[in-house]
1. As an exercise, use a Förster radius of 22 Å and the Cβ-Cβ distance of Thr335 and Glu175 to find the FRET efficiency, rounded to the nearest 0.05.
2. So how much accessible area does Tyr146 have, in Å² to the nearest 10, using a 1.4 Å probe?
3. Solvent-accessible area of Asp255, probe 1.4 Å, all protein chains present, reported in Å² to the nearest ten, please.
4. Extension gain Ala220-Lys148, at 0.36 nm per residue separation less the Cα-Cα distance, in nm?
5. Taking a 27 Å limit on the Cα-Cα distance, which of the listed pairs Lys51/Lys148; Lys71/Lys152; Lys28/Lys148; Lys43/Lys152; Lys51/Lys152; Lys51/Lys71 fall beyond it?
6. How much FRET efficiency would the formula 1/(1 + (r/R0)^6) give for Leu34 and Asn83, where r is the Cβ-Cβ distance and R0 is 30 Å, rounded to 0.05?
7. Which of the GluC sites (Glu not before Pro) found in the stretch 249-333 are in a DSSP loop and have at most 16 neighbouring Cβ atoms, other than their own, within 10 Å?
8. I'd like to compare 151-161, 365-375: which one has the highest average count of other Cβ atoms within 10 Å, and what's the full order after that?
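The values are calculated or read from the model by the stated rules, or taken from the named source; none is laboratory data. From a predicted model like this one, the values you see are computed outputs, not experimental measurements. Here Cβ is always computed from backbone atoms with ideal geometry, including for glycine, and neighbour counts include all displayed protein chains. Note: accessible area is taken over every heavy atom of the protein model, side chains too, but ligands, DNA and RNA are not part of it. Shrake-Rupley method; radii C 1.70, N 1.55, O 1.52, S 1.80 Å.
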Amino acid sequence: KMPAQMEDAASLQKQGDDDLNPSEYLAKHVYPVLEPAIVELLKAAFPADFKEFVRRASVAAEETQLLELQKQQEDKAAEVKGNEDGEAEAPPAEEEKEEKPAQPEAEKPLEPEIRRRVSQVSQVSVQNTVPVSKARLRPVLWLAQYLKERNKQNTADREEAKRNSALELASTPAEDIETVHANLIASVKQLLWPCSVYIATRDTIVEQVPKPVDPAEEAAKQAEGEEGEEEAEAEAEEEGEDGEEKPPKEPAMMDVDVPILRYIACSHPSKETITGRSLRLDSPDCISGRALQTRDPVFIADVAAEAALHFFPPEPDAREGSFLAVSFTRTPEDTEPYAVLSLDTLLDRRALTNSDVEMALRLARAAEAVAHTVPLPPPPPVEEPPGEDEEAPEGDEEAEEEEEG
């Protein structure tokens with residue numbers, strides 16, 4: 001059983017602890033218990049860094065002592081000055097004839113020496129990561145700051161290693177252009193995941209459009225207007241006899257080459273619905289086409305601000321995130337890019353930073369350098385029409401018979 005005196009002492013201590021805030025309680029009861037163990041931990045885990053801690057702790061102790069000494073000297077000087085001022089203001093007492101013993105002169109403060117030492121200690125403090133005035137001989141605080149700085153350094157090292165790995169992947173030699181595209185998509189995903197990455201190439205499709213009317217032909221038709229009217233009347237009579245209307249004459253058509261952007265590779269979860277699709281380069285919603293036509297990167301920090309930005313189905317739930325498009329060439333001699341790399345961050349809706357954009361450009365340039373080393377595929381063979389001595393294929397004979405019929 002605890003003696004009565006000890007119970008009273010414990011009760012008083014408990015009452016005193018009730019008035020402490022968390023920081024004061026830790027300083028009073030926790031740190032004194034933890035610090036000896038942390039000191040031993042620092043010695044065992046970080047021997048080289050522990051020497052630095054000891055040096056900084058000694059500097060902190062010296063700084064504290066110097067500051068306390070300077071404060072004592074300043075307080076003492078202020079007290080002496082106050083006494084002198086009080087004596088000067090008091091009227092001389094005529095009745096007191098006895099001379100008072102002379103008071104000893106106040107010790108001159110060692111102000112220059114103290115300030116010099118404090119200045120030296122402060123210069124050392126500035127050179128350290130943690131100012132020694134904040135260390136206060138607390139291993140806990142030093143360890144927390146040390147682990148924080150070490151974590152920042154480890155994070156920076158991991159990011160640098162990830163960037164180097166992505167660049168190495170994008171720069172991997174390849175035997176075909178499909179492998180170059182696959183490595184580029186994988187490197188961008190490795191560096192900027194989560195994101196969706198696309199590669200589209202320049203292509204051309206043939207469309208039929210109405211043939212423009214030649215002004216000379218139109219003038220000739222107007223000159224033959226009378227004959228045309230007679231023919232129209234004759235046709236009207238025939239329609240009246242037969243009771244059938246002839247279909248209107250269709251306008252003459254012609255083939256036109258239309259430049260498009262065809263998507264050939266994609267990392268999107270719905271890539272089966274995107275690969276093979278195309279957008280006309282002259283379409284206003286073909287934002288990637290701008291990078292292909294201008295050879296300049298197109299960066300949209302907030303996709304919600306670009307209403308013309310096209311998304312293949314399925315449509316995103318929300319237009320939040322960033323978009324980037326970068327073009328690259330197929331050979332060093334190309335004056336126009338042949339493909340464009342585009343990516344968006346709609347999966348996690350985050351905004352790309354300038355550092356992200358710079359790294360994406362570096363990956364595209366690395367893949368472009370590899371593409372320049374891949375030989376171009378041979379051109380498709382040109383089919384020549386059969387000569388006089390050569391027999392036409394059976395299909396052609398059947399076509400001729402149909403025409404004769």
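1. Numbers: r = 26 Å, r/R0 = 1.17.
Here the calculated transfer efficiency is 0.30.
2. The accessible area comes out at roughly 40 Å².
3. Rounded to the nearest 10, the figure is 100 Å².
4. On the way: separation 72, 0.36 × 72 = 25.92 nm, distance 8.86 nm.
Working it through step by step, the gained length comes to 17.1 nm.
5. On the way: Lys51/Lys148 19 Å; Lys71/Lys152 38 Å; Lys28/Lys148 25 Å; Lys43/Lys152 22 Å; Lys51/Lys152 22 Å; Lys51/Lys71 30 Å.
Checking Cα-Cα distances, Lys71/Lys152; Lys51/Lys71 exceed 27 Å.
6. On the way: r = 47 Å, r/R0 = 1.56.
Rounded to the nearest 0.05, the efficiency is 0.05.
7. Values: sites: Glu272, Glu306, Glu320, Glu333; in loops: Glu306, Glu320, Glu333.
Answer in residue order: Glu306, Glu320, Glu333.
8. Details: 151-161: 10.3, 365-375: 17.4.
Descending packing order for the listed peptides: 365-375, 151-161.
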